[in-house]
1. Looking at the structure I just gave you, is L43 touching a helix residue (DSSP H, G or I) at 6+ places or on another chain (Cβ under 8 Å), within 23 Å of T80 (Cα to Cα) and in a strand (DSSP E or B)?
2. Among (1) under 24 Å from A101 (Cβ atoms); (2) surrounded by 16 or more Cβ atoms within 10 Å (Cβ to Cβ); (3) polar (S, T, N, Q), where does T73 come up short?
3. Search region 132-147 for residues being buried (at least 19 other Cβ atoms within 10 Å of the Cβ) and more than 12 Å from R82 (Cα to Cα), and hand back the single one that is modelled with the highest pLDDT.
4. Test I110 against the stated conditions and say whether it is touching a Cys at 6+ places or on another chain (Cβ under 6 Å) and of a type in the set (V, I, T).
5. Please pick out the residue among D33, D50 that is within 14 Å of the chain's Cα centre (by Cα), of a type in the set (D, E, K, R) and surrounded by 17 or more Cβ atoms within 10 Å (Cβ to Cβ).
6. Of all residues in region 3-38, count the ones that are more than 20 Å from A101 (Cα to Cα), aromatic (F, W, Y) and either part of a loop (DSSP other than H, G, I, E, B) or in contact (Cβ under 8 Å) with a residue 60 or more places away in the chain (or both).
Amino acid sequence: MARTYLVTGSASGIGYATMVYLREQGHRVITLDLHDADVVADLATPQGRDAAVAGVASLAGETLDAVVACAGTAVMTGLTMRVNYFGTIALLEGVRPLLAAAAAPRVVVISSIGVVFSAIDAAVEACLDGDEEAAVTAARERTPGGSHAASAAHTEHLCEHKRQTLRFVLAQSLRVR
């Protein structure tokens, strides 16, 4: 049975490979990226996130079977926090109603190797509090030239956010991986 997938970061890397594989398997894939995608949007900004959700909703119709969230950046700056964490969370929250309407919804979030590095506690706390500016500031102050600590922070808080929201997601009958 063909399913409808959303793949973010689909213009290159893991996202592109995932999109190709899913299409080869006969699935419908809605792509989202900064360029060369069905939905062209910047997950680093609130306006881009809103545009992404609206674009996906327009193309998906009433249901979305799965999301494979691959969009991210390895630039160790505030951009990492904006795209890799806040962009991912906002997108998933925005398409949650479409997923909830599907018979067997799935979500896969691709993370980075940053989890093996030491995280920035202030950035983790700010992310969990939903304070994007504080998270970006903490990352910039701790990593002025850019380092893996910013990547570790976004990865750690993405994992923690996933843990904290797991009960709600399960109540919505969504599977999170």
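1. no
2. Exception for T73: condition (1).
3. A138
4. Answer is yes for this residue.
5. Going through D33, D50 in turn, just one is within 14 Å of the chain's Cα centre (by Cα), of a type in the set (D, E, K, R) and surrounded by 17 or more Cβ atoms within 10 Å (Cβ to Cβ): D33.
6. 0
The values are calculated or read from the model by the stated rules, or taken from the named source; none is laboratory data. None of the values given here were measured: they were computed from a predicted structure. All Cβ positions, even for glycine, are placed from backbone atoms using ideal geometry, and neighbour counts span all protein chains on display.
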